[in-house]
Amino acid sequence: MKIGVFDSGYGGLTILKEIRKRLPQYDYLYLGDNARAPYGTRSFEIVYEFTLQAVKALFERGCRLVVLACNTASAKALRTIQQNDLPSIDPSKRVLGVIRPTVEILSEMSKTKHVGILATPGTVKSHSYSIELGKLSPEIITTEHACPMWVPLVENNEIDSPGADYFVEKEIKNILAKDPQIDTLVLGCTHYPLLLPKIKEYAPENVNIVCQGQIVAESLADYLQRHHEIENRLSTTATATYLTTEHTEKFDSLASLFMGKPVMSHTISF
């Protein structure tokens, strides 16, 4: 049984990379729905439908546990899949997201208790971070801000372009103008770590930048330690297989950029 990792595009590879660093012994199956990306501007209903298709595809290919390494899917589809679909598909299988593990550490990181969320329009519209923070850390004041151009910059390999400088500086200025007391910025999209050098360049030195990869990896390690019924059935030959709904040539080129080493994928359709 493998661990499945799903994203609408390429950003989930930043999560997979950190998970494999932390838990290298397991077998992983990554699925990118690249042909239908991005999910960020799609409706709740469509994101749920597409995400459920992907989860089922990973289950059918031997995954016992699936990580939605996509903030939009975590925001718009995770809870419905967990509550409504898993009981009928297979109650012994699990689907986890990336938002709650991120939220759980924010109260420790922020001294001012003012946190900014940089994310896609879909994640911002869902208010998932504000809702989760309201449950776990109601003392935190949250400012959510959409960065619609950041994903295209990454997926078009323009992370070092003048356009990247312009749009990164613009959105950081905009969110800090909304709340100058922000001392922690969450990169609430798994693509955004590839823009980290630019983000650090334009963010004030006193502002913490939170990337999700290491957080999710630690959370998954903790989850497996607490759920031996899942962990005991995972295969441990340290492999990673890549699936995409796009042409493999395009996927392999960009995925290799994300992973820092050559990637070879297979195309699937739902």
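The values are calculated or read from the model by the stated rules, or taken from the named source; none is laboratory data. As the structure is a computational prediction, the values presented were derived from the model and not from experiment. Positions of Cβ are generated from backbone atoms using ideal geometry, with glycine treated the same way; all protein chains shown enter the neighbour counts. For accessibility, only protein heavy atoms count, side chains too; no ligands or nucleic acids. Shrake-Rupley method; radii C 1.70, N 1.55, O 1.52, S 1.80 Å.
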Checklist outcome for this item: Going through segment 151-178 in order, the residues found to be open to solvent by less than 50 Å² (accessible area, probe 1.4 Å), at pLDDT 95 or above and touching a helix residue (DSSP H, G or I) at 6+ places or on another chain (Cβ under 6 Å) are Ala164, Val168, Ile172
Next on the checklist: Regarding segment 143-154, can at least one residue be identified that is β-branched (Val, Ile, Thr) and under 23 Å from Gln82 (Cβ atoms)?
Outcome noted: no
Next on the checklist: Out of Phe44, Phe59, I need the residue that is under 19 Å from Glu231 (Cβ atoms), among the aromatic types (Phe, Trp, Tyr) and either out of contact with any Gly (no Cβ under 8 Å at 6 or more places or on another chain) or open to solvent by 10 Å² or more (accessible area, probe 1.4 Å) (or both). Which one?
Outcome noted: Phe59
Checklist outcome for this item: Restricted to segment 29-41 and to residues being more than 14 Å from the chain's Cα centre (by Cα) and crowded, with 21+ Cβ neighbours inside 10 Å, the residue farthest from Ser269 (Cα to Cα) is Leu29
Checklist entry - If we keep just the residues of segment 245-259 that are small (Gly, Ala, Ser) and under 18 Å from the mean Cα position of the chain (by Cα), which is most open to solvent (accessible area, probe 1.4 Å)? => result Ser256
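Restricting segment 179-213 to residues that are polar (S, T, N, Q) and within 24 Å of Tyr10 (Cα to Cα), which is modelled with the highest pLDDT?
Gln212
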Checklist entry - In this structure, does Ile89 turn out to be at pLDDT 95 or above, among the aliphatic types (A, V, I, L, M), within 23 Å of Leu52 (Cβ to Cβ) and open to solvent by 20 Å² or more (accessible area, probe 1.4 Å)? => result yes
Checklist entry - How many residues does segment 201-244 contain that are closer than 22 Å to Glu169 by Cβ, assigned to a loop (DSSP other than H, G, I, E, B) and either open to solvent by less than 40 Å² (accessible area, probe 1.4 Å) or hydrophobic (A, V, I, L, M, F, W, C) (or both)? => result 3
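Mind listing whichever residues of segment 1-22 are part of a strand (DSSP E or B) and either among the basic types (Lys, Arg) or free of Cβ contacts under 8 Å to residues at least 40 places away in the same chain (or both)?
If we filter segment 1-22 for residues that are part of a strand (DSSP E or B), which is where we start, we get 2-7.
Lys2 - this is the single residue of segment 1-22 that is part of a strand (DSSP E or B) and either among the basic types (Lys, Arg) or free of Cβ contacts under 8 Å to residues at least 40 places away in the same chain (or both).
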Next on the checklist: Condition first: out of contact with any Phe, Trp or Tyr (no Cβ under 7 Å at 6 or more places or on another chain) and part of a helix (DSSP H, G or I). Can you find one or more residues in segment 23-34 that meet it?
Outcome noted: no
Next on the checklist: Please count how many residues of segment 100-130 are open to solvent by less than 10 Å² (accessible area, probe 1.4 Å) and closer than 19 Å to Ile215 by Cβ.
Outcome noted: 11
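State all residues of segment 245-268 that are in a loop (DSSP other than H, G, I, E, B) and among the small types (Gly, Ala, Ser); if no residue qualifies, say none. Please lay out each step first, then the result.
If we filter segment 245-268 for residues that are in a loop (DSSP other than H, G, I, E, B), which is where we start, we get 245-247, 260-264, 268.
Within segment 245-268, just Gly260 meets the criteria.
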